[in-house]
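Trainee: Below: one structure in structure tokens.
The values are calculated or read from the model by the stated rules, or taken from the named source; none is laboratory data. This one's a predicted model, so the numbers in the text were calculated from it and none came from an experiment. Using ideal geometry, Cβ is built from the backbone for each residue, glycine included, and neighbour counts are taken over all protein chains shown. Keep in mind that these areas ignore ligands, DNA and RNA; they rest on the heavy atoms of the full protein, side chains included. Shrake-Rupley method; radii C 1.70, N 1.55, O 1.52, S 1.80 Å.
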Amino acid sequence: MSDDQLMTQEELDALLQEHQRKGDSLEPETNDYLSVIEQDTLAEIGNISMGSAATVLSTLANHKVRITVPKVYVSTARSVAESYPIPCIVVNVGYVQGLQGANVLVIREEDALVIASLMMGGDGTNVPTELDELYLSAVTEAMNMMMGSAATAMSELFGRSIEISPPVTTWRDLAQDPLTTDIPEDEPIVVVAFRMEIEDLVDSTMLQIIDIGFARDMVSALLPEEEPVVVPEVKEVPAAAQWADLKKQPVQSTAPPTPAADPPARPGHYDLGNVNIDLIRDIPVQVRAILGRTKMSIDNILRLGPGHIMELESLHGEPIDLYANDTLIARGEVVVVGEQFGIRITEIAAHQDRITSIR
């Protein structure tokens with residue numbers, strides 16, 4: 001190789017620095033930290049908790065609020081700040097009972113201004129360019145009530161009392177300020193991204209930042225622990241057995257006998273414990289589909305009349321609950337069958353759960 005083909009030391013140093021910069025900017029691979037089941041479980045936890053928080057915010061803002069479609073991935077605080085370089089409201093939430101950990105909510109400042117305006121009786125359009133003390137106070141109150149409702153929903157989900165400390169709300173410009181001082185900027189974190197909609201005023205993204213250890217603790221608290229598989233100990237037959245002994249008595253294998261294959265289940269036969277399905281197969285039960293629910297005062301009920309529209313708590317597109325007697329047996333979506341309505345089943349309960357509907 002001639003001298004004019006050789007790299008100078010300056011060129012080599014520049015190449016190494018560029019390689020190092022690109023290596024440092026690589027995003028963590030989500031599947032290296034969380035399994036698919038863990039990702040789906042965290043998304044469902046976020047869906048339930050933030051769905052409850054959206055209901056509270058709808059009441060405070062007097063506008064329909066939807067917080068949906070969570071996406072779970074692993075990133076770093078530095079990468080989140082670089083992809084979100086705008087003034088934001090950062091809410092730190094600590095779990096003090098039932099779960100031990102903390103997470104961070106990130107909301108765009110312009111979205112927080114709309115929320116505060118609606119809470120104070122405005123229409124969400126003529127808002128100040130920056131959060132002042134009054135608007136920040138309104139947003140802080142909204143966050144307190146939303147996170148309290150989310151903790152209540154999580155208590156029902158986890159089957160234990162979950163309490164949080166009062167959320168701490170701060171304003172940050174992520175173009176200059178770190179996302180949080182509690183998490184190192186280059187340490188992998190779990191990010192749950194939600195789509196937040198407030199009628200035609202807001203269509204934005206809200207982020208939930210969770211420490212990976214805390215995220216795994218939440219998943220393990222929900223998913224049943226796998227029982228360890230016990231492998232029976234098999235004693236090896238000595239290879240050097242004496243020929244005289246073999247002639248007297250063949251070597252007996254200590255391996256467990258192969259269990260007989262279970263007979264194939266006949267159609268319509270399910271494992272229901274000690275319940276004989278043949279004895280109850282023809283018992284009729286009342287099946288009903290619940291489109292939605294709401295609460296009204298007696299005074300408002302007495303005021304109902306033709307043309308009145310009663311708003312339900314269910315959101316558009318949410319699955320419909322299907323009950324047999326008082327037992328939830330399935331969920332589905334409304335379809336039209338000819339001139340009648342029907343339910344297309346999307347989720348089904350276990351056979352053991354459905355059989356309780358006849359009791």
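Trainee: Which one of ILE189, ILE198, ILE162 is aliphatic (A, V, I, L, M), within 22 Å of the chain's Cα centre (by Cα), farther than 21 Å from LYS71 by Cα and at pLDDT 90 or above?
Mentor: Being aliphatic (A, V, I, L, M), within 22 Å of the chain's Cα centre (by Cα), farther than 21 Å from LYS71 by Cα and at pLDDT 90 or above holds for just one of ILE189, ILE198, ILE162, which is ILE162.
Trainee: Could you tell me whether any residue of the stretch 127-144 is under 22 Å from the mean Cα position of the chain (by Cα) and open to solvent by 40 Å² or more (accessible area, probe 1.4 Å)?
Mentor: yes
Trainee: Looking only at residues that are polar (S, T, N, Q) and touching a strand residue (DSSP E or B) at 6+ places or on another chain (Cβ under 9 Å) in the stretch 156-176, which one is surrounded by the most Cβ atoms within 10 Å (Cβ to Cβ)?
Mentor: The residue in question is THR169.
Trainee: Just to be sure before I move on: is THR140 touching a residue at least 12 places away in the same chain (Cβ under 8 Å) and assigned to a helix (DSSP H, G or I) in the structure I sent?
Mentor: Yes: the conditions hold for THR140.
Trainee: Among the residues of the stretch 90-105, is there at least one that is in a helix (DSSP H, G or I) and aliphatic (A, V, I, L, M)?
Mentor: For the stretch 90-105, residues in a helix (DSSP H, G or I) and aliphatic (A, V, I, L, M): absent.
Trainee: I'm trying to understand the selection: among the residues of the stretch 192-204, which are farther than 15 Å from ARG216 by Cβ, open to solvent by less than 70 Å² (accessible area, probe 1.4 Å) and not small (Gly, Ala, Ser)?
Mentor: Matches in the stretch 192-204: PHE194, MET196, GLU197, ILE198, LEU201, VAL202.
Trainee: Hey, could you check the stretch 88-109 for residues that are open to solvent by 30 Å² or more (accessible area, probe 1.4 Å) and among the hydrophobic types (A, V, I, L, M, F, W, C) and say which is nearest to MET143 (Cα to Cα)?
Mentor: Per the criteria, the residue is ALA102.
Trainee: Being under 30 Å from GLN176 (Cα atoms), open to solvent by less than 50 Å² (accessible area, probe 1.4 Å) and touching a Ser or Thr at 6+ places or on another chain (Cβ under 6 Å) narrows it down to one of ALA81, ALA53, ALA77, so name that one. Don't jump to the end; show me each part of the working.
Mentor: Details: ALA81 fails: touching a Ser or Thr at 6+ places or on another chain (Cβ under 6 Å); ALA77 fails: touching a Ser or Thr at 6+ places or on another chain (Cβ under 6 Å).
Testing whether each residue is under 30 Å from GLN176 (Cα atoms), open to solvent by less than 50 Å² (accessible area, probe 1.4 Å) and touching a Ser or Thr at 6+ places or on another chain (Cβ under 6 Å) leaves just ALA53.
Trainee: Right, VAL251: at pLDDT 90 or above and surrounded by 10 or more Cβ atoms within 10 Å (Cβ to Cβ) or not? Break it down into steps so the answer makes sense when it comes.
Mentor: Working: at pLDDT 90 or above: no; surrounded by 10 or more Cβ atoms within 10 Å (Cβ to Cβ): yes.
Spelling it out, it is not the case that VAL251 is at pLDDT 90 or above and surrounded by 10 or more Cβ atoms within 10 Å (Cβ to Cβ).
Trainee: Assess whether ALA221 counts as being surrounded by fewer than 19 Cβ atoms within 10 Å (Cβ to Cβ) and closer than 29 Å to GLN39 by Cα.
Mentor: Details: surrounded by fewer than 19 Cβ atoms within 10 Å (Cβ to Cβ): yes; closer than 29 Å to GLN39 by Cα: yes.
Spelling it out, ALA221 is indeed surrounded by fewer than 19 Cβ atoms within 10 Å (Cβ to Cβ) and closer than 29 Å to GLN39 by Cα.
Trainee: Further question: Listed residues ARG354, ARG331; which is surrounded by 10 or more Cβ atoms within 10 Å (Cβ to Cβ) and modelled with pLDDT of 85 or more?
Mentor: Of the residues listed, the single one that is surrounded by 10 or more Cβ atoms within 10 Å (Cβ to Cβ) and modelled with pLDDT of 85 or more is ARG331.
Trainee: Of the residues that sit in the stretch 52-77 and are in a helix (DSSP H, G or I) and β-branched (Val, Ile, Thr), which one is farthest from ASP211 (Cα to Cα)?
Mentor: Per the criteria, the residue is THR59.
Trainee: If GLN176 satisfies all but one of (1) touching a helix residue (DSSP H, G or I) at 6+ places or on another chain (Cβ under 7 Å); (2) part of a loop (DSSP other than H, G, I, E, B), what's the number of the condition it fails?
Mentor: (1)
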